[in-house]
Amino acid sequence: MTSSLLLPRLQTCYRVRHPKILFNVHSKRRDVFINHPGSWIRSSLRQTTRWTSTSTVRPPASVPTTWIDHLPAQWQPYLYLTRIDKPIGTLLLFYPCAWSITMASYAIQAPISAPLTYIGLFGLGALIMRGAGCTINDMWDKNLDKAVARTKDRPLARGDITRKQAFVFLGAQLTAGLGVLLQLNWYSIFLGASSLSLVTIYPLMKRITYWPQAILGLAFNWGALLGWSAVVGAVDWSVAVPLYAGGVCWTLVYDSIYAHQDKKDDVEVGIRSTALLFGDHSRAILSGLSASTLSLVCLAGYLNAQTIPFYCGIGLAAVQLARVLYRTDFNSRPSCWNGFVGCGWSGFWVWMGALTDYAWLML
């Protein structure tokens, strides 16, 4: 009798929780339930599971998040290793090259074919060598990346490729980079090759100093020297050194903002950065470094006899840096990322100022 009373309730329960499953209890099933209630329930649950599993739409195992995910699977880890889906890094490496090439072309009044050729070569070189730098960085940081939320899904940290595979890929990247470098004059070839030591040691610096961003700045702004020598055949150190120093200060600004994304994980893992060193004083210190960037680039422009369009570009860069530093919340990862990308626009405006000045001269 108790079982007979429970049956309608159980039937009602199934109809409420699974409205698409219309279930009629026949007399045979009623007998099974009364005599063997456990087997009846197990059978019903198996039927319910079968129906619900076919009516539930599950997402694919890997939902594409970037254009790389639409390419062949065997290519994807290597492309993610180069961060080619995040072009801001390539642009930050390219802009100091572009400043120098354009200012050198202005200085010697080079025909327009010269800056166009070298801008193309250095753009390709920046794409290749930025990718090579990321490969070197991830090979050094494989174990550290596993412990940081933002980097734990990088190909090496996740185990998508091995260190040996990454090393072979790095060889291909450096060979391609050498192919671009060999298009330049011998002075520039030796000057360019000498920067590789900085690229190699940078990942180690975060383990021993709070100033890894300074080492990155020395490596990332080498193009301020190399671009000049490519156009002229030698470096005018009086102009190129302040331009290079301004680029180093600029890198300290944008990469310190970038490092604020990981500061909580960095403390736990033992990674050092200017974000941790500057702490709550970051906004003030980075404002000072931004002023140093603009002052040094202005000095380079003055020594190169640049005119009003160049300084208009510097003014727009100043507005952009001020905007970034005012808006960035150093305790918010999305805000820090936006600030990092925003700093790239300041480099763009410096180049536009130099390019406009060169175009004005050549008219």
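Which is surrounded by fewer than 16 Cβ atoms within 10 Å (Cβ to Cβ), among the basic types (Lys, Arg) and within 26 Å of Thr151 (Cα to Cα), of Arg283, Arg323?
Working: Arg323 fails: within 26 Å of Thr151 (Cα to Cα).
Only one candidate passes the filter, namely Arg283.
For the range 66-121, what are the residues that are part of a helix (DSSP H, G or I), within 18 Å of Ala172 (Cβ to Cβ) and β-branched (Val, Ile, Thr)?
Here is the first cut: in the range 66-121, the residues part of a helix (DSSP H, G or I) are 67-70, 76-82, 88-108, 113-121.
Right, trim to within 18 Å of Ala172 (Cβ to Cβ) and you get 68, 76-82, 90.
Across the range 66-121, the qualifying residues are Ile68, Thr82, Thr90.
Could you please find all residues in the range 203-218 being crowded, with 22+ Cβ neighbours inside 10 Å and at pLDDT 95 or above? If you could, list the steps in order and put the result at the bottom.
Initially, the range 203-218 is screened for residues crowded, with 22+ Cβ neighbours inside 10 Å, giving 206, 212-213, 216-217.
Listed by number, the residues that qualify are Pro212, Gln213, Leu216, Gly217.
Being assigned by TED's automatic domain parsing to the domain that holds Trp349, more than 21 Å from Thr102 (Cβ to Cβ) and hydroxyl-bearing (Ser, Thr, Tyr), is that true of even one residue in the range 302-313?
Of the residues in the range 302-313, the ones assigned by TED's automatic domain parsing to the domain that holds Trp349 are 302-313.
Add one more test, that the residue is more than 21 Å from Thr102 (Cβ to Cβ), and what stays is none.
No: the range 302-313 contains no residue that is assigned by TED's automatic domain parsing to the domain that holds Trp349, more than 21 Å from Thr102 (Cβ to Cβ) and hydroxyl-bearing (Ser, Thr, Tyr).
One line per residue, one yes/no per condition, for (1) among the hydroxyl-bearing types (Ser, Thr, Tyr); (2) within 24 Å of Ile119 (Cβ to Cβ); (3) modelled with pLDDT of 95 or more:
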| residue | (1), (2), (3) |
| --- | --- |
| Gln306 | no, yes, yes |
| Gly315 | no, yes, yes |
| Ala322 | no, no, yes |
| Arg327 | no, no, yes |
| Gly347 | no, yes, yes |
| Leu355 | no, yes, yes |
| Tyr358 | yes, yes, yes |
| Met362 | no, yes, no |
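Just one of the numbered conditions (1) touching a Phe, Trp or Tyr at 6+ places or on another chain (Cβ under 9 Å); (2) of a type outside the set (S, T, N, Q); (3) surrounded by fewer than 21 Cβ atoms within 10 Å (Cβ to Cβ); (4) in contact (Cβ under 8 Å) with a residue 60 or more places away in the chain is not true of His260; which one?
Going through the list (1) touching a Phe, Trp or Tyr at 6+ places or on another chain (Cβ under 9 Å); (2) of a type outside the set (S, T, N, Q); (3) surrounded by fewer than 21 Cβ atoms within 10 Å (Cβ to Cβ); (4) in contact (Cβ under 8 Å) with a residue 60 or more places away in the chain, His260 breaks only (3).
Of the residues that make up the range 308-322, is at least one within 17 Å of Ser282 (Cα to Cα) and hydrophobic (A, V, I, L, M, F, W, C)? Spell out the reasoning first.
Within the range 308-322, the subset within 17 Å of Ser282 (Cα to Cα) is 321-322.
Those left that are additionally hydrophobic (A, V, I, L, M, F, W, C): 321-322.
Scanning the range 308-322, I find at least one residue that is within 17 Å of Ser282 (Cα to Cα) and hydrophobic (A, V, I, L, M, F, W, C), so the answer is yes.
To keep it simple, each residue is scored yes or no on (1) closer than 30 Å to Phe167 by Cβ; (2) of a type outside the set (Gly, Ala, Ser).
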| residue | (1), (2) |
| --- | --- |
| Thr82 | yes, yes |
| Asp85 | yes, yes |
| Ala98 | no, no |
| Thr102 | no, yes |
| Ala110 | no, no |
| Pro115 | no, yes |
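Taking the range 237-257, which residues are under 17 Å from Ile101 (Cβ atoms) and surrounded by fewer than 20 Cβ atoms within 10 Å (Cβ to Cβ)?
Trp237, Val241
Check off (1) of a type in the set (Ser, Thr, Tyr); (2) free of Cβ contacts under 8 Å to residues at least 60 places away in the same chain; (3) in contact with a Phe, Trp or Tyr (Cβ under 7 Å, 6 or more places away or on another chain) for Ser273 and give me the number that stays unchecked.
It fails just one condition, (2).
Could you check the range 283-308 and list, in sequence order, the residues that are of a type in the set (Ser, Thr, Tyr) and farther than 13 Å from Leu321 by Cβ? Give the derivation first.
Taking the range 283-308 as the starting set, the residues that turn out to be of a type in the set (Ser, Thr, Tyr) are 287, 290, 292-293, 295, 302, 307.
Tyr302, Thr307, listed by residue number.
Among the residues of the range 179-204, which ones are touching a residue at least 24 places away in the same chain (Cβ under 8 Å) and either more than 15 Å from Cys97 (Cα to Cα) or touching a strand residue (DSSP E or B) at 6+ places or on another chain (Cβ under 9 Å) (or both)?
So the first thing to find is which residues in the range 179-204 are touching a residue at least 24 places away in the same chain (Cβ under 8 Å), and the list is 180-181, 183-185, 187-188, 191-192, 195, 198-200, 202-204.
The answer is Gln183, Asn185, Tyr187, Leu198, Val199, Thr200, Tyr202, Pro203, Leu204.
Taking interchain pairs and intrachain pairs at least six residues apart, which have beta carbon atoms under 6 angstrom, with the first residue in the range 83-99 and under 25 Å from Thr65 (Cβ atoms) and the second basic (Lys, Arg)?
Here the result reads Gly89/Arg83; Gly89/Arg130; Thr90/Arg130; Leu93/Arg130, each pair linking the range 83-99 to a residue that is basic (Lys, Arg).
Name the one entry in Ala318, Ala275 that is of a type in the set (A, V, I, L, M), over 30 Å from Asp236 (Cα atoms), in a helix (DSSP H, G or I) and in the same structural domain as Val239 (by TED's automatic domain parsing). Full working, then the answer.
Values: Ala318 fails: over 30 Å from Asp236 (Cα atoms).
After ruling out the rest, the residue left standing is Ala275.
What about Ser238, is it assigned by TED's automatic domain parsing to the domain that holds Asp145, of a type in the set (Ser, Thr, Tyr), within 30 Å of Val148 (Cα to Cα) and modelled with pLDDT of 95 or more?
Numbers: assigned by TED's automatic domain parsing to the domain that holds Asp145: yes; of a type in the set (Ser, Thr, Tyr): yes; within 30 Å of Val148 (Cα to Cα): no; modelled with pLDDT of 95 or more: yes.
No, not satisfied.
Can you tell me which residues in the range 148-178 are over 30 Å from Leu191 (Cα atoms) and among the small types (Gly, Ala, Ser)? So that I can check it myself, show each step before the final result.
Within the range 148-178, the subset over 30 Å from Leu191 (Cα atoms) is 148-162.
Within the range 148-178, Ala149, Ala157, Gly159 meet the criteria.
The values are calculated or read from the model by the stated rules, or taken from the named source; none is laboratory data. Being a predicted model, the structure only gives us computed values, none of them experimental. Here the Cβ is made from the backbone with ideal geometry for all residues, glycine too, and neighbour counts use every protein chain on show.
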